[in-house]
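Data first, discussion second: the structure below is written as structure tokens.
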Amino acid sequence: MFPFIKETIRMGGLELDFLLDGDDTDGTLVQFEMIVPPNVKVPAPHFHVEVDETLYILEGTITQTVGTEIVELKAGDHCFVKRGVVHGFNNLHNETARVLCTLSPASIAPAYFREIAKVINAGGPPDMQKVLAIMKTYGLEPVRPV
């Protein structure tokens, strides 16, 4: 666990602990630790229009899709996802995974995740049209109907 967390956002079973945001980095990047319990519901495969993503696995294993490739990422592994490349992940294993995630530039920031969390955590099935609208506002494009 990191000693300084600026903000924690929970979306369903996912937890995001923000370490850096655009205010800290002159808009160049956002960084957070993502806690991914086994078999938790995760975002639909998507791509970022203008943001690159780098993952570094701290604990556990995630199954990561990047383009047409599916890889098992374990503690110490990393993965770079260039903007425009379809990607997604799952934790199909029995232990919680911890992932350090960096997004650059900082346009997909805590504000995006707060808005998504509000819809996801509202109770009952989430309004997927609202989720889609928020995603598009921040430059995320799902690749299958959400």
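Taken together, the values in this text are just the output of simple stated rules run on the coordinates, not laboratory data. Being a predicted model, the structure only gives us computed values, none of them experimental.
See the values below:
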{"read-out": "Lys pairs, segment 7-140 - Cα-Cα below 21 angstrom, 8 or more residues apart or on other chains", "value": "8"}
{"read-out": "Mean residue ellipticity (222 nm) of the chain, computed from DSSP H runs ≥ 4 via -39,500 (n - 2.57), nearest 500", "value": "-4500 deg cm²/dmol"}
{"read-out": "Sorted largest first, extent of the chain alpha carbons per principal axis (Å)", "value": "35, 33, 30"}
{"read-out": "Rounded to whole Hz, the Karplus (6.51, -1.76, 1.60) HN-Hα couplings of segment 66-80, x for glycine and proline", "value": "9, x, 9, 9, 10, 10, 8, 9, 10, 3, x, 7, 9, 8, 10"}
{"read-out": "Whole-number percent relative contact order across the chain, with pairs defined as alpha carbons under 8 Å at least 6 apart", "value": "29 percent"}
{"read-out": "Selected from PRO43, PRO125, PRO110 as most flexible by GNM, with the chain as the system and alpha-carbon contacts under 10 Å", "value": "PRO125"}
